[in-house]
Amino acid sequence: MLAVGFAASLSCAVSPAALAQTAAAKDEGSLYVQCDGFPNNMTTGEAAARFLGAVTLLALFAPPPEAADASKRKFGADGVLACTNILEGEKGEGNVRRRIPLILARALHRIEAKDYDGAIADVTIARAEASEAALTADPYFNRSMGLSFGQVEAAALVRKGEVEEAMRVSLADVPQHRFSLMPLLGFKTYADMAPLGSDADLSRAAALARLAPGAVGEAAGRLEELGRFDESAKMRADLVAYQSSKKDKDGKTVDPLTKSVAEQALGQALAGQWDAAAAAAGQARALDSKLVAEGKPEAMDVRLQASEVLDLYDVLALAQQGNVEGARRKFTARTQWLAPSFGAVMAANRILYDSAPAADRTGQLAKPASELWTDRATAKRAELLAKDSDNKTLFQLIEPYVSGGTFEAQSRQVWRTDKSKIFLKIAPGKADPDAKIAFLYGVPADVAFDAMLLHAALDAKAQGKKGFTFAPIIDRYAAGVVRAGNPGEAGMPPSLFLDADEVIAALSPAIPDPATLKARRAVKGK
């Protein structure tokens, strides 16, 4: 009764106007949420107090902890102000691990407001604070939140028109993460805005393809844009060889994807490997006919893409045979080529444009290849800028901090290969007998893939193999298909082969073996 009366007296003491103002402020979110969409830190002491309060009268008045809510994040200058108000002054945020994402969020709000120099200055401030707090000496910070510095700075640089510098800054960390899938996926290349490639740009593409064969198309396409057709053709042939080594549950070799074989044919044609290209084109068409005859055709959108790629192969073949006029007619019959790589389309344009009469200069032959490149760069820049106002895309550049403990917690199961708890136990006759499925439940994706790759390398060594291939599965869970082998063996093509020793050397510092981890912790405890 006393509690009820006390609560009633409190409600009467607060005016309706004040209650409305408080509700409005609450609805708007704290300055933290207005800045980057995430709430203030909650210490373990605060959490304990809230728990105890739940069984006392205080629970009637203690507000629940604020939840993350990106929809309450401010935009542009308003966002800059919210971040500044929580970063500066007597009550400014003091936890450096919380300050870093707040400063980077302010940089992103400056990008929204088109204050690109101000954004770069904020990244410099964030780097300095991280260095002063010795966070940059923490390898786990550097492989998680620390990657955000280059990505946010590059985002400002590319919007200033400094594309090559943006590429350099964004890709500076690629060499240290060439066996880590999630960082490689996160690095922005801005290659579709730059006419020239860089070693880092191509290294990132090749490294990603090695960890994820599904990214071969991106890597090979980039090589084709730069006129490096021999390398591209080899990479596309490697993908077909990899796919051709797979087996069904009965141990029977399965066919490669028709589109992959078609892209191999086009790539080999670009490289001037005409006999191999003709054989691959014939194989692709035969595969499609076979699947249709068996009543198991590939999805229609996939078939249409493969057909379009083969059409462009036919264009190049006609030109090679001296029928340039016929090649032009076939090339301009499409107003736009979408399935083949942009580099392949530009290569065909270069062959056909110069000698084309005005009447034939239509579709993607209406302009020379150099102007096609400029048009694409302009379109990509417009697309990039359009997303600056969606209150989402830019903020994906800020990586959360992943503690060393999260990586180290995987040590025991990663380094135990005799009774693996990472490879699923699959009954014979249920899957490819030469493959293993790696799976980690409840582990962040960046940690999970590093752990699976390191475990696969250790397992390959335990089998007496020099390496393995890896194909990630990214869905509601993180998994991967692993095949151990040696260079030169079927299914172990050079551009997709992972050397076990190199993987172990790269990833074991993050996930050390149990003995090394014990010694490391003993040193820290002194």
Test for residue 439: is it aromatic (Phe, Trp, Tyr) and buried (at least 18 other Cβ atoms within 10 Å of the Cβ): no
Matching residues in region 356-389 - criterion: being among the aliphatic types (A, V, I, L, M), in a helix (DSSP H, G or I) and free of Cβ contacts under 8 Å to residues at least 60 places away in the same chain: 358, 359, 365, 369, 372, 379, 382, 386
Single residue of 445, 471 found to be touching a residue at least 24 places away in the same chain (Cβ under 8 Å), touching a strand residue (DSSP E or B) at 6+ places or on another chain (Cβ under 6 Å) and within 30 Å of residue 100 (Cα to Cα): 445
Any hit, region 400-422, residues being within 25 Å of residue 216 (Cβ to Cβ), more than 24 Å from the chain's Cα centre (by Cα) and not in a loop (DSSP other than H, G, I, E, B): no
Filtered residue count, region 81-116, keeping only those that are more than 20 Å from residue 136 (Cα to Cα) and hydrophobic (A, V, I, L, M, F, W, C): 8
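Hey, among 471, 451, 457, which residue is part of a strand (DSSP E or B) and touching a helix residue (DSSP H, G or I) at 6+ places or on another chain (Cβ under 9 Å)?
Going through 471, 451, 457 in turn, just one is part of a strand (DSSP E or B) and touching a helix residue (DSSP H, G or I) at 6+ places or on another chain (Cβ under 9 Å): 471.
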Leading residue by the ranking (nearest to residue 444 (Cα to Cα)) among those in region 474-497 that are touching a helix residue (DSSP H, G or I) at 6+ places or on another chain (Cβ under 6 Å) and outside any loop (DSSP other than H, G, I, E, B): 478
Residues satisfying the stated conditions in region 263-322, i.e. exposed (fewer than 15 other Cβ atoms within 10 Å of the Cβ), closer than 22 Å to residue 214 by Cα and of a type in the set (A, V, I, L, M): 299, 300, 304
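Does residue 296 count as touching a Ser or Thr at 6+ places or on another chain (Cβ under 9 Å) and either aliphatic (A, V, I, L, M) or over 27 Å from residue 369 (Cβ atoms) (or both)?
Values: touching a Ser or Thr at 6+ places or on another chain (Cβ under 9 Å): no; either aliphatic (A, V, I, L, M) or over 27 Å from residue 369 (Cβ atoms) (or both): yes.
Taking the combined requirement at face value, the residue does not satisfy it.
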Residue in region 409-423 that is surrounded by fewer than 16 Cβ atoms within 10 Å (Cβ to Cβ) and in contact (Cβ under 8 Å) with a residue 60 or more places away in the chain present: yes
Matching residues, region 209-235, being of a type in the set (Gly, Ala, Ser) and assigned to a helix (DSSP H, G or I): 209, 214, 215, 217, 219, 220, 221, 232, 233
Test result for residue 336, modelled with pLDDT of 95 or more and either under 20 Å from residue 276 (Cβ atoms) or not hydrophobic (A, V, I, L, M, F, W, C) (or both): no
Boolean, residue 465 is touching a strand residue (DSSP E or B) at 6+ places or on another chain (Cβ under 7 Å) and without any contact (Cβ under 8 Å) to a residue 60 or more places away in the chain: yes
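The values are calculated or read from the model by the stated rules, or taken from the named source; none is laboratory data. Only a predicted model underlies this, so the values are computations on that prediction, with no experimental measurement involved. Cβ coordinates were reconstructed from backbone atoms using ideal geometry, including for glycine residues, and neighbour counts include every protein chain displayed.
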